[in-house]
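Reviewing the structure listed below.
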Amino acid sequence: MYCPSCGRFFPGEGATCELCGAAIPGVPSRAAVPRFDSVSLTFSVQPNCRFCAAQIDGGADTCPACGQSQSAAVEFVGFWRRFAAYLLDQFVIFAIYFGLALFSMVAVLVVASATKNDRLRQAIESGNWVSTEVKILLQVCFFLISWVYYARMESSPGQATLGKRWLRIRVVDTEGGRLSFGRASKRFFGKILSGLTLGAGYIMIAFSDRKQGLHDRIADTLVVRR
């Protein structure tokens, strides 16, 4: 950048010269970015519905398709309410996991009986079929179930998992809109980093202005009350 006051060049594109401090004509100064408080945030009206993505004509505040308000003051959700929702979701995921595992075991038993494979049937009944490879496969299945559950539910029109719905909270982007499956997946995998930091990524929720954990910051998401 060239300074007409001192006649020297300086690095950067600021509104003032880094060498003499004079104002650079024609370069607008950057206004301070306002910080939202920890209580509420008002989302602006969007050209498309934040919930169902239907087009809104004339800048209306209410979506004609789903009836949801597009401009609403919301309250950020703190650590303990989110932790309670997490426990409820883990119960749901374990129920799905054990349901699928039980169904698979019964299916294998039926196949073993139909093919008269007594060795396989006895191994399943005694529990000797659970090898190291099978344990790894079960852990991978549990991880995949968790990923699809969180990403699919949080990117759905309801914007929340079952645990969050029961506690009347939802996940939105920083504009208050619905998450895509990709962003919801980014948020899920960001939770791995929140856990690898000895839980510091989750503890951030209690001290953040907008109650964001590390995974929320990674995916640019907010957790708010319905």
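Solvent-accessible surface (1.4 Å probe) assigned to Thr62 amounts to roughly 70 Å². Spin-label pair Ile145-Ala84: with each label point 7 Å from Cα along the Cα-Cβ axis, the two points sit 2.6 nm from one another. Straight-line cross-link partners of Lys116 among the lysines, defined as a Cα under 28 Å from its Cα and at least 8 positions apart when in the same chain: Lys135. Largest accessible area first, the residues Ser180, Ser208 order themselves as Ser180, Ser208 under a 1.4 Å probe with ligands, DNA and RNA left out. Ordering Asp89, Asp57 by accessible surface, largest first, gives Asp57, Asp89; the 1.4 Å probe counts only protein heavy atoms, with every chain in place.
The values are calculated or read from the model by the stated rules, or taken from the named source; none is laboratory data. Remember, it's a predicted structure, so these values are computed and weren't measured experimentally. In this analysis, Cβ positions are derived from the backbone assuming ideal geometry, glycine residues included, and neighbour counts consider all displayed protein chains. All accessible areas refer to the heavy atoms of the entire protein, side chains included, with ligands and DNA or RNA removed. Shrake-Rupley method; radii C 1.70, N 1.55, O 1.52, S 1.80 Å.
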